[in-house]
Amino acid sequence: MVTDPISNFIISIKNGSNSGKASISVPYSALKESIAHTLMKGGYLSTVEQKGKKIDKTLEIGLVYIGDEPRVQGIDRISKPSRRIYQKSKDIRMFKSGFGNFVLSTPQGILLDTDAKKQKVGGEVLFKIW
């Protein structure tokens with residue numbers, strides 16, 4: 001049983017990228033799909049597709065590579081089930097000199113830090129990705 005599905009999802013992306021796979025398949029949830037679409041908008045993923053029927057739904061996720069190097073170099077979970085971390089829009093700072101992003105859960109949905117800053121909305125910091 002997985003106690004933190006978001007951590008399991010992002011680590012699957014990182015492990016799939018590091019092993020050189022073209023795509024990975026993870027169990028479906030609406031939150032995971034929303035995170036995947038946000039990462040696709042940020043250039044970390046190439047495709048996001050739902051597969052299967054009601055009980056056996058999965059997300060098929062295409063991974064991005066630049067040459068032989070994976071686009072996803074690392075992922076760190078910030079907000080955990082045991083400790084939630086929130087950030088105001090004015091407190092969102094650049095990460096890795098702009099080469100990394102924070103992913104936030106906001107009232108407007110799942111957003112990258114740059115989009116949240118533009119919309120002047122804060123929220124729960126889910127993880128950082130570079």
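At a glance:
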| quantity | calculated |
| --- | --- |
| Breaking point among (1) of a type in the set (Lys, Arg); (2) within 20 Å of Ile10 (Cα to Cα); (3) in contact with a Lys or Arg (Cβ under 9 Å, 6 or more places away or on another chain), for Lys117 | (2) |
| Qualifying residue in region 22-37 (condition: touching a Pro at 6+ places or on another chain (Cβ under 7 Å) and surrounded by fewer than 19 Cβ atoms within 10 Å (Cβ to Cβ)) | yes |
| Filter result for the condition that a residue is small (Gly, Ala, Ser), at pLDDT 95 or above and more than 21 Å from Asn15 (Cβ to Cβ), over Gly43, Gly98, Gly62, Gly123 | Gly123 |
| Some residue of region 97-120 being closer than 20 Å to Ser17 by Cβ and outside any strand (DSSP E or B) | yes |
| Residue within region 29-37 that is basic (Lys, Arg) and free of Cβ contacts under 8 Å to residues at least 24 places away in the same chain present | no |
| Qualifying residue in region 40-50 (condition: hydrophobic (A, V, I, L, M, F, W, C), more than 20 Å from Phe99 (Cβ to Cβ) and open to solvent by less than 30 Å² (accessible area, probe 1.4 Å)) | yes |
| Scan of region 7-26 for residues that are in contact (Cβ under 8 Å) with a residue 40 or more places away in the chain, among the small types (Gly, Ala, Ser) and touching a strand residue (DSSP E or B) at 6+ places or on another chain (Cβ under 6 Å), ordered by number | Ser7, Gly16, Ser17, Ser23 |
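The rows are residues; the columns are (1) open to solvent by 80 Å² or more (accessible area, probe 1.4 Å); (2) free of Cβ contacts under 8 Å to residues at least 12 places away in the same chain; (3) farther than 17 Å from Ile129 by Cβ; (4) hydrophobic (A, V, I, L, M, F, W, C).
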| residue | (1), (2), (3), (4) |
| --- | --- |
| Glu60 | no, no, yes, no |
| Ser82 | yes, yes, yes, no |
| Ser89 | no, no, yes, no |
| Arg93 | yes, yes, no, no |
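The values are calculated or read from the model by the stated rules, or taken from the named source; none is laboratory data. Please read these numbers as outputs of a predicted model, since none were measured by experiment. Glycine gets a Cβ as well: all are built from the backbone with ideal geometry, and neighbour counts include every protein chain shown. We work out accessible area using only protein heavy atoms, side chains counted, and drop any ligands, DNA or RNA first. Shrake-Rupley method; radii C 1.70, N 1.55, O 1.52, S 1.80 Å.
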